[in-house]
1. Using the Cα centre of the chain as the reference point, and only Cβ charges (+1 on K/R, -1 on D/E), how large is the resulting charge dipole? Debye, rounded to the nearest 20.
2. If R₀ is 35 angstrom, what is the calculated FRET efficiency for the pair residue 570 and residue 217, using the beta carbon separation as r and rounding to 0.05?
3. Per residue, how many Å² of accessible area does segment 193-254 show with a 1.4 Å probe?
4. Considering only protein heavy atoms and a 1.4 Å probe, what is the carbon-and-sulfur percentage of the accessible area of segment 471-602?
5. Counting only other residues whose beta carbon sits under 13 Å from that of residue 259, what net charge do I get with K and R as +1, D and E as -1?
6. HN-Hα J couplings of segment 370-381 from phi, Karplus 6.51/-1.76/1.60, θ = phi - 60°, integer Hz, Gly and Pro as x?
7. Show the residues, 5+ positions off or on another chain, whose built amide H is closer than 5 Å to the amide H of residue 242.
8. Hey, if you put +1 on the Cβ of every Lys and Arg and -1 on every Asp and Glu Cβ in the chain, which of 527, 153, 74 ends up farthest toward the positive end of that dipole?
Amino acid sequence: MSTSLLTRFVLLCFAIFVALAVVHRVHGEVIISEIMYNPGGSDRDDGAGGFNREWVELYNTGESAIDISGWSVGDSQDGDFASPFPAGTIVPPATALVVTGDAATLDSEWGGGINRVEVADFPILANSPTATNETVALRDATGVLRDTVNYQNSGSWPLLNGSNGHSLMLLPEGLSNFANGSGSNWIPSFGGAYDARFVESSFGINHASPGTVSNVSQTPFAPSPDAVWSMVLLPDTQNYSKASENAHIFTEMTEWIRDHRDEYNVQVVLHEGDIVNNNDTDNPSSGDQTSSQQWANAKASMSVLDDEVAYILAAGNHDFGTTNAQSRQTFINQYFSMTDNSLVDPAQGGILKGIKNPGRIENAFYEFTAPDGREMLVISLEWEPRPQTVDWANRVISLPEYADHTAILLTHAFVQSEEQRYANSRVDADASGEELWQELVKDNGNFEMVFNGHFGGDGAGYIDSVGSGGNHVHQMFFNAQFLTNGGAGFIRIVEFLEDGSTVRVRTYSPYYDVERLDVQNSFEYSISQITPITPVLAGDYNDDGIVNLSDYIVWRNNLGAPTGTLPNDIDGGVIGAEQYASWKLHFGESTPITASWQHSQVPEPSTVALSLVVVCLSSIRYRWVLLSGKHSCSR
């Protein structure tokens with residue numbers, strides 16, 4: 001075949017493909033888009049007055065309504081199908097329909113108004129699905145299978161195994177009866193992501209989006225354009241540490257933080273406690289790892305950040321005693337120390353400024369200056385702090401050198417998901433969240449934030465309380481441990497914006513690459529106003545935010561001019577060799593170094609190559625300018 005004929009043949013095939021795609025979109029198809037096969041709590045009760053909480057969602061991908069009267073849903077592997085849909089069952093375009101065996105239970109748990117159809121003999125869906133025991137199928141009235149999903153708990157399929165129930169949700173890129181056969185196009189539902197909701201009912205706790213399908217992918221997660229710097233919160237990691245199948249997720253979380261440190265300008269990572277599930281036992285209460293293995297797992301994951309990002313560890317109840325704070329004995333100091341991370345080690349100029357007891361980090365305070373100039377103080381306290389610990393913290397926060405700092409209290413338990421501080425500690429003398437508020441936070445006006453984990457529910461809580469001095473204190477609870485996979489890899493990024501006051505809170509899983517966008521997981525609040533540092537980018541002589549050839553031209557045109565002529569001139573004096581050297585040194589930079597905490601950027605190879613060429617050419621031009629006698633300045 002000649003080249004021209006081959007080209008025409010390829011173009012014809014492409015045209016046919018496009019035409020078929022258009023026809024397919026117009027006519028569409030009904031596909032399986034969500035499966036609730038293992039809800040939190042009991043799946044079903046087949047006794048008198050029983051209930052059935054399992055369901056399957058269908059979705060019409062096309063632009064025309066589709067009549068599915070007489071169709072049915074079932075398991076094609078064992079031929080167990082529900083009763084056919086009644087006459088007049090029509091799915092409008094771009095609309096979902098939930099198939100349930102118990103409409104009353106569905107409505108009581110997820111609310112009314114869901115587009116649904118009730119059928120008899122709804123099949124029992126496998127809670128531990130494999131390739132050979134479950135294939136959810138949609139069969140038309142003639143018996144032809146229109147769609148099948150052989151969902152599994154292995155391979156590329158998401159594992160659903162948390163205390164919370166999750167439906168299996170199809171991502172936007174999987175909305176076809178070809179793509180929905182791949183496990184990589186499904187994720188567990190998470191409240192706040194892709195229209196999924198969190199529901200806590202008498203039956204149990206669940207995440208799903210019955211009757212709602214998102215056909216638009218999330219915007220790739222990236223730093224807010226108006227963020228100057230950020231910190232990252234790690235919620236309870238105990239369920240990663242305790243289980244060999246989940247331990248790698250903990251490491252993937254810290255690797256993401258390390259790899260995106262510069263992009264998000266991460267200054268510190270705050271771990272909210274319950275680093276492990278069992279502090280000191282060879283017989284774990286759950287999971288397959290002994291305490292020593294759990295601590296080793298946690299150490300390996302956190303060590304990813306050593307000498308890369310500063311981190312602070314709070315000690316939770318599971319980090320004490322044998323399994324759950326039966327005593328105050330903890331192995332945290334045997335596995336972690338102040339010298340592990342040069343960015344924390346005070347002997348190496350790190351942020352740690354003091355500890356309550358020698359050699360112990362569970363009660364400590366840290367200080368740093370953020371890139372926007374805000375002076376930060378973080379006080380980390382043990383699980384339900386003892387009276388002497390609260391007294392010590394009061395002495396630290398009252399030190400005159402911290403009077404103008406923005407102070408954060410990091411402790412394991414403070415605010416609950418019901419938007420209230422918990423009031424009952426296990427030991428009467430030790431401080432609950434409410435007692436910490438009354439005895440420490442309320443009367444110290446430099447406290448502006450409190451971060452904690454520990455509690456369950458929807459894993460999020462927030463209170464804005466006013467202290468004795470009229471200061472607002474933002475108290476934030478975040479915990480993902482009850483989600484699937486030990487917590488599904490969720491972290492919280494706390495961004496400090498360029499206006500010098502606004503803090504933006506975002507919740508993201510690097511493991512699933514999904515952001516939770518509901519008001520519980522994505523919100524803003526305001527802290528004390530500061531005047532942000534005006535960034536200076538040395539060599540940016542036209543003040544456009546990047547050092548390039550344009551700045552060389554500005555320098556050249558101002559040779560011999562008096563000091564103060566050029567913006568961003570850090571050298572001073574008559575414009576000449578010093579300013580040229582600064583331009584050459586910073587060529588290609590666009591991110592100003594605003595504080596010693598700004599991490600250095602490694603330029604791309606192409607940028608380095610371009611810089612070398614430009615510098616060589618400009619050096620020749622610079623020598624010509626000098627030799628021409630136009631200006632008399634030495635190099």
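The values are calculated or read from the model by the stated rules, or taken from the named source; none is laboratory data. Here the structure is a predicted model, which is why all the values come from computation and not from measurement. Note that each Cβ is placed from the backbone with ideal geometry, even for glycine, and that neighbours are counted across all protein chains shown. Only protein heavy atoms, including side chains, enter the accessible area calculation; ligands, DNA and RNA are left aside. Shrake-Rupley method; radii C 1.70, N 1.55, O 1.52, S 1.80 Å.
1. 1880
2. Computed FRET efficiency for residue 570 and residue 217 comes out at 0.20.
3. Details: 2200 Å² over 62 residues.
Per residue, segment 193-254 has 36 Å² of solvent-accessible surface.
4. On the way: 2830 of 5300 Å².
About 53 percent, which is the carbon plus sulfur part of the accessible surface.
5. Numbers: positive: 258, 261; negative: 252, 255, 262, 263, 308.
Around residue 259, the charge tally is -3.
6. Each residue's phi maps through the Karplus curve to give 6, x, 8, x, 5, 8, 10, 10, 10, 10, 9, 10 Hz.
7. Sorted by chain and number, the residues that satisfy this are 277.
8. 527
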